[in-house]
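Worksheet for the structure shown next.
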Amino acid sequence: MRQLAVAIDEPYQPAKVNNSNLLRGRLTKIMTTSLTNTHRIASMAVRLFKTLLLSAILMTPAIAELPQVNDARVVQPPPGAKVAAAYFTINNTDSDTLEITGVTSDIAKRVEIHLSRVENDVAKMEKQESVSVSAGESLEFKHGSFHVMFMGLNKALVAGESMQLTLNTSAGALKVSVPIISLEDAMKSDDSAKGYKNKDDEKH
Ligand SMILES: [Cu+2]
């Protein structure tokens with residue numbers, strides 16, 4: 001009797017517990033699954049983003065840092081002069097050698113990079129096809145050395161105004177606004193401008 005009672009009672013109790021546990025288990029399982037999916041999707045998104053970022057970095061060609069040009073100036077040439085020269089200091093802040101391969105400007109028919117030097121007491125200047133500036137170095141374009149030469153000026157250069165030139169370099173095209181300064185100002189601030197004393201001197 002007592003055993004039967006137990007036998008009758010028993011199926012109910014565990015069954016209730018089991019159902020409830022089963023339901024709770026299912027809910028937990030569903031929630032865990034959806035949480036797991038959310039996590040999985042999130043981590044996949046992160047992984048995809050990392051991959052894309054990495055490919056973007058790998059696929060982007062190394063962008064060279066454009067050099068800095070300081071102290072650019074062109075001295076106002078004497079009236080009637082057909083040539084002028086621009087000076088500046090170019091600073092290669094990139095980790096690769098910089099090549100300056102040319103200069104363009106609409107102020108003259110011909111624009112060239114020249115290098116002046118004295119040979120047997122004779123001042124000469126030679127057109128340079130390319131000028132190198134080592135990584136981290138700077139190069140001064142100045143009287144008696146490298147300069148940008150304008151030949152066949154299209155218009156008068158007036159002190160106080162400025163002119164535009166573009167340096168074509170291995171790091172890209174670099175536009176430079178060049179102030180036009182008077183000979184007096186050039187001589188006050190720059191010994192290298194003293195070569196301008198001779199007005200007939202068209203060598204820079
Ligand atoms: Cu020259």
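Read-outs throughout are calculated quantities, based only on the coordinates presented, and are distinct from any laboratory measurement. Just so it is clear, the model here is predicted, and its values are computed rather than measured. Using ideal geometry, Cβ is built from the backbone for each residue, glycine included, and neighbour counts are taken over all protein chains shown.
Label positions at residue 134 and residue 44, each projected 7 Å from the Cα along the C-beta direction, are separated by 5.4 nm.
Cβ under 12 Å from residue 94's Cβ, residue 94 left aside: what net charge do those residues give with Lys, Arg +1 and Asp, Glu -1? Net charge around residue 94: -4.
Taking the number of Cβ atoms within 10 Å of each Cβ as an exposure proxy, the fewest-first ranking of 169, 101 is 101, 169.
Pairs 127/155; 109/155; 82/188; 142/188: which are spaced more than 19 Å apart, C-alpha to C-alpha? Over 19 Å Cα-Cα: 127/155; 82/188.
In this simple spin-label approximation, residue 70 and residue 189 carry label points 7 Å from Cα along the Cα→Cβ vector, and these lie 1.3 nm apart.
Quote the FRET efficiency, to the nearest 0.05, computed for residue 166 versus residue 123 with a Förster distance R0 of 25 Å and r equal to the Cβ-Cβ distance.
0.35
By other beta-carbon atoms within 10 Å, ranking 111, 122 with the fewest at the front produces 122, 111.
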